[in-house]
Amino acid sequence: MPVLFFMFNSLHGKITGKFPQKLFIETNGIEWDVFVPDTSLDSLPNVGENARVFVWLQHTDSSMTLFGFASEADRALFFDLTKVDGVGPKSAVKIMSSVSRSRLVSALDSEDLASLEKIPGLGKKTAQKMLLALKGKLSLAENSSSQKKKSAFPAVLDALLGMGYDKKTSETALEKIVADFSTDDSFEKKSEKEKEDAVFRRAIVEMAQ
């Protein structure tokens, strides 16, 4: 799946339109057309109100498509779904629009293939692939801001996930990198943006090994 490292983490502006699996949001005079799961739409403010939408940009040879989410947890779930063979970004949005995270986790952990097959956008073969790829890897706790473990550099983690790297492997690599940098006095003197850039560059090198 062609991807583009997104140069922005989120959009913050006024919601100008809400439609099934689609959102319009205006930021500084630019109105963005964003594909959004219905479950995320329900969590976002009403038209005319300000909102923050976490985003990911897909870049192919013929088009650029922006996907949006009400939370980082929703975006992480989207990335997990797109790792399943046969599930593209738009299919992932359709799946997320049809089933809650809790129901999806329950079906996967109980190996309830029949329930997975009933989700719009999933056939029997794709449901089987999803079961093999994601069983035991989605946690209900990840959807709770009070319970989930915070990454020191969430934007870097999101970038790595967007590039197709495994979440657990990325988190482990970031923990090691942050620990290494914690003993570097020159790192502590950098701005937050400079720290983020340094961590991202180190992560790319280590993940490629």
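The values are calculated or read from the model by the stated rules, or taken from the named source; none is laboratory data. These figures come from a predicted structure and were not determined experimentally. Counting neighbours? That spans all protein chains shown, and the Cβs are built from the backbone with ideal geometry, glycine included. Side chains included, ligands, DNA and RNA excluded: accessible areas come from the protein's heavy atoms. Shrake-Rupley method; radii C 1.70, N 1.55, O 1.52, S 1.80 Å.
When the range 163-209 is examined, which residues are found to be among the hydroxyl-bearing types (S, T, Y) and either in contact with a helix residue (DSSP H, G or I) (Cβ under 7 Å, 6 or more places away or on another chain) or open to solvent by less than 70 Å² (accessible area, probe 1.4 Å) (or both)?
From the range 163-209, those among the hydroxyl-bearing types (S, T, Y) are 165, 169-170, 172, 182-183, 186, 191; that's our starting set.
Selection gives Y165, S170, S186, S191.
Given the structure, is F78 aromatic (F, W, Y), open to solvent by less than 40 Å² (accessible area, probe 1.4 Å) and closer than 29 Å to A127 by Cβ?
Yes: the conditions hold for F78.
State all residues of the range 95-106 that are touching a residue at least 12 places away in the same chain (Cβ under 8 Å) and of a type in the set (G, A, S); if no residue qualifies, say none.
S97, S98, S100, S102
Which one of these does L160 not meet: (1) exposed (fewer than 12 other Cβ atoms within 10 Å of the Cβ); (2) part of a helix (DSSP H, G or I)?
Exception for L160: condition (1).
Taking strands (runs of 3 or more DSSP E) that fall entirely within the range 1-94, which contain at least 2 residues that are of a type in the set (S, T, N, Q) and touching a residue at least 24 places away in the same chain (Cβ under 8 Å)? First the steps, then the outcome.
Working: elements: 10-19, 22-27, 30-35, 50-59, 64-69.
Because the criterion is at least 2 residues that are of a type in the set (S, T, N, Q) and touching a residue at least 24 places away in the same chain (Cβ under 8 Å), the strands (runs of 3 or more DSSP E) in the range 1-94 that meet it are 10-19, 50-59.
Report, by residue number, each residue of the range 96-121 that is surrounded by 15 or more Cβ atoms within 10 Å (Cβ to Cβ), closer than 16 Å to P20 by Cβ and either modelled with pLDDT under 90 or over 17 Å from the mean Cα position of the chain (by Cα) (or both).
S98, V99, G121
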